[in-house]
Amino acid sequence: MRVLLLGGAGFIGLHLAARLLADGHAVTVVDDFSRGRRDPALEELPLDVRDADLTDPGSYRALEHGWDQIYMLAAVVGVRNVERDPARVLRVNTLALMHLLDWIEPGEPLFFASTSEAYAGGVTAGLVPVPTPETVPLVIEDVAAPRFSYAISKLHGEAAVLHGAHAVVGRFHNVYGPRMGHDHVIPELSLRAARGENPFTLYGAEQSRAFCHVDDAVEAMVRLMATPEAFGRIVHIGDDTAETGIADLAELVLRVAGADPVISPAPAPAGSVARRCPDISLLRELTGFEPKVSLEEGVRRTFAWYREHA
């Protein structure tokens, strides 16, 4: 099988590429490397790697057709990027996708990477339940707020691919693991624990999340793309088996790190939702998926990677 990963040098993309290669498929990665670096992990894989700006329609015209699967993972992500330059988030995420839809041929199977941020406004407003299914109303509380730019770009993307392609939409929920950068809670806690920070500042200890290890997320993606009934659907990807408080997460990370600092509580980042957990009943129904990597095991793997590489 020939597989095209757009934005495939990033966090989830590289893990997906390794899995597809292990399954015996030929994988081509297209990336502008603005976030995903040409690091040793990428260089060691037998990939066809192409450097291209997907906001330029010429980049798509340079690509051949005949792919068995296409994954659209390219996007500007991360709270700091969103807060610093929301206009760039909207521009890059929208243009890259719309040029893809102009280029893709009818029937080419497409996976579009979306996010739980799509419904975060509804959680904050108290309009949707947690754990959250795919059928809840979608709310943008303040269209001018920078933090909503990412959600808006992904809501637009969901509608565009469902109306314009043979696609399945996967909404990721707090996926974590090695090589995901420094701006997410588990890597950030791991790095500070490894440095021996004391007192240890803990932001939003009262909040909770359901974390999903990247290996489980990749398994869900592969299963969805092999399931005809998933196409034309929005499907939540995550792990609903162990919703965890941020205070308990920090305790786990510190225990793995062998650290025992004084905890200094601090307010949660502005605009972050108090609770996030997906209902993955539809994913189970369609694919038989069940999460395999426990939070403790996943944190141990992630901490070990960051201690060695960062």
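All of the numbers you see were taken from the coordinates with simple rules; none came from a lab. For clarity, every value in this text was computed on a predicted model and none was experimentally measured. Cβ placement follows ideal geometry from the backbone for every residue including glycine, while neighbour counts extend to all protein chains displayed.
Here are the numbers for this structure:
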item	result
Where labels lie 7 Å past Cα in the beta-carbon direction, separation of residue 85 and residue 61 in nm	2.5 nm
Expected-Rg normalisation [2.2 N^0.38 Å, Cα atoms] applied to region 101-165	1.27
Residue of 73, 97, 63 that the Gaussian network model of the chain assigns the largest fluctuation, springs spanning Cα pairs under 10 Å	63
For residue 202, distant residues with modelled amide H under 5 Å away	264, 266
Distance in nm between pseudo-label sites at residue 127 and residue 310 (7 Å out along the Cβ direction from Cα)	3.5 nm
GNM result for the chain, Cα springs below 10 Å: residue of 115, 132, 227 fluctuating most strongly	227
Theoretical gain in end-to-end length, residue 290 to residue 206 [0.36 nm per residue, Cα-Cα removed]	27.5 nm
Student exercise, region 34-163 dipole from Lys, Arg, Asp, Glu Cβ charges, in Debye to nearest 20	500 debye
Residues listed by number, region 197-235, amide nitrogen under 16 Å from residue 260 label point at 7 Å toward C-beta	197-200
Mean separation of Cα contacts under 8 Å (6+ apart) over length of the chain, as relative contact order %	18 percent
Given charges at Cβ of Lys, Arg, Asp, Glu: region 22-116 dipole, positive-most of 99, 109, 86	86
Largest-first principal axis extents, alpha carbons of region 131-213, Å	51, 29, 24
Long-range amide H partners of residue 114 with built H, under 5 Å	170, 171, 172
Highest-fluctuation residue, 252, 16, 283 considered, GNM on the chain with Cα pairs under 10 Å	252
FRET efficiency, 1/(1 + (r/R0)^6) with R0 30 Å, evaluated for residue 247 and residue 138 via beta carbons	0.50
Longest DSSP-loop-exposure-free segment, GluC sites (Glu not before Pro), the chain, at most 10 other Cβ within 10 Å	65-310
Region 194-310: radius of gyration over Cα atoms, expressed as a fraction of 2.2 N^0.38 Å	1.24
Cα pair distances of the chain binned at 20 Å [whole percent]	33, 61, 6
With 10 Å bins from 0: P(r) over region 165-215, alpha-carbon pairs, percent	19, 43, 25, 8, 3, 0
Contour minus Cα-Cα distance for residue 268 and residue 34 (0.36 nm per residue)	81.4 nm
Average projection area in nm² (convex hull over Cα atoms of region 138-273, one quarter of hull surface)	9.8 nm²
Gain upon complete extension [residue 183, residue 50; 0.36 nm per residue less C-alpha separation]	45.3 nm
